[in-house]
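Single-structure report; data block below.
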Amino acid sequence: MAGRPIANGVISFGLVSIPVKLFAATRSKSVSFRLLHAKDKSRIQQKLYCPVDDALVERNELVRGYEVEKGIFVTFTDEELEKLEAREDHTLDIKEFVPLTQVDPVYFDTAYHLGCEPESARAYRLLAQAMQESKRIALGTFTMRNKEYLVLLRPYEKGLMLHTMYYADEVVAGEDVGRGEEAKVGERELALAKRLIDDLTETKFQPEKYKDSYRERVIEAAQKKVQGEEVVEAPAEERRAKVIDLMSALKASLERRGAPVGEEAEAKPPEKRAAARTRAARARKRK
């Protein structure tokens, strides 16, 4: 586990207390760019500007404002905000246990590895194993950097993972998003779509199969620029035609993967269809 702990805490599990340390579990590798002056390639600086005075202002002239209505602000001093901040008692207070399937991924925010101290290893191991075998996750609260978070604890690899979560009122409702509720789906179309899903299904998630191709192209182009090579534009991706005939598109998708699409294939039991998919996959590899 690399890096220094981001925070310390104590899991409160009934009358059991388990000291833990939080370590970052993810880090973004997205490419980023700096704004430079085109003339001399020097980095530019951002200045604070007041449009009323038409003048630059210093940071010590600023106050924090909260917009209570459109264009109407109330101001807070640092001392006032400090009194409102949550007090860090470092207690990760477990409120309840629920099945992981009951928590929608939309609530997940940031992930942290939870490490334990040598003296708390047995209690940590007990909680992790009990949650693993009971197929439960824990929901609770934790204060970090003077902010109280809703958090989720779940078994991960051989230990525990902590996720900070969005509160319910932070999740944007989707009732105004068009979802095709009125569209009619035919039974044969649905059956073929399910078979195509089956054919594309793997037994486990393998994240290493997926790469950030944009980041790789930017890094490659940057290295070529350093070496004075010409950067060649990547060929444009072929535009796919809109799907007009769903049934034909589904059949063609299955046939492309070597899967039969006739009535005989639909009558096969699931285990025989799975064997047929395996044979088709092997045939594709030999090609």
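What follows draws every value from the coordinates through simple rules; no lab data is involved. Computed from a predicted structure; not experimentally measured. No Cβ is skipped: glycine too gets one built from the backbone with ideal geometry, and neighbour counts run over all protein chains shown.
May I ask which of K184/K251; K204/K251; K29/K209; K135/K158; K135/K209; K135/K194 have a Cα-Cα span longer than 24 Å here? Write down the numbers at each step before the final one.
Details: K184/K251 19 Å; K204/K251 26 Å; K29/K209 16 Å; K135/K158 14 Å; K135/K209 27 Å; K135/K194 28 Å.
In this structure, K204/K251; K135/K209; K135/K194 lie more than 24 Å apart at Cα.
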(request) Would you pull out the residues with amide H under 5 Å of L160's amide H, same chain only if 5 or more places away, H placed 1.01 Å from N? (result) L114
(message) Quick query: amide H of E148 versus all other amide H atoms, modeled in the peptide plane; which residues come in under 5 Å with a sequence gap of 5 or more or a different chain?
(response) A86
(request) Take the cross-link list K41/K211; K47/K83; K39/K211; K41/K224 and give me the ones stretching past 24 Å between alpha-carbons. (result) K41/K211; K47/K83; K39/K211
(request) First select every other residue whose beta carbon is under 15 angstrom from the beta carbon of F73; then total the charges, Lys and Arg +1, Asp and Glu -1. (result) -1
(request) Starting from the amide H of V10, placed 1.01 Å from N in the peptide plane, find each other amide H under 5 Å away whose residue is 5 or more places distant or on another chain. (result) V20, T91, L92
(request) For L48 paired with K225, estimate the spin-label separation in nm (one decimal), with each label point 7 Å from Cα along the Cα-to-Cβ line. (result) 3.2
(request) Quote to one decimal, in nm, the extra length available between D78 and E181 on full extension: 0.36 nm per residue of separation minus the C-alpha distance between them. (result) 32.1 nm
(message) Full-extension gain between R87 and S213, please, as 0.36 nm times their residue separation minus the C-alpha to C-alpha distance.
(response) 41.0 nm
(request) Step through the residues of segment 142-149 one at a time and calculate ³J(HN,Hα) from phi using the Karplus curve (6.51 cos²θ - 1.76 cosθ + 1.60, θ = phi - 60°), rounding each to whole Hz and writing x for Gly and Pro. (result) 8, 9, 9, 6, 6, 10, 8, 10
(message) Normalised by the empirical 2.2 N^0.38 Å for globular proteins, what value does the Cα Rg of segment 15-131 take?
(response) 1.75
(request) Would you kindly state how much longer the chain becomes between A173 and K29 on full extension, computed as 0.36 nm times their sequence separation minus their alpha carbon distance, in nm to one decimal? (result) 48.9 nm
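How high is the FRET efficiency between E67 and Q132 when r is their beta carbon distance and R₀ equals 45 Å, given to the nearest 0.05?
On the way: r = 46 Å, r/R0 = 1.02.
According to the calculation, E is roughly 0.45.
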(request) Kindly put I72, I94 in sequence by how many other C-beta atoms sit within 10 Å of each C-beta, fewest to most. (result) I72, I94
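Efficiency by 1/(1 + (r/R0)^6): what FRET value for K194 and M247, r their Cβ-Cβ distance, R0 = 22 Å, to the nearest 0.05?
Numbers: r = 14 Å, r/R0 = 0.62.
The value I calculate is 0.95.
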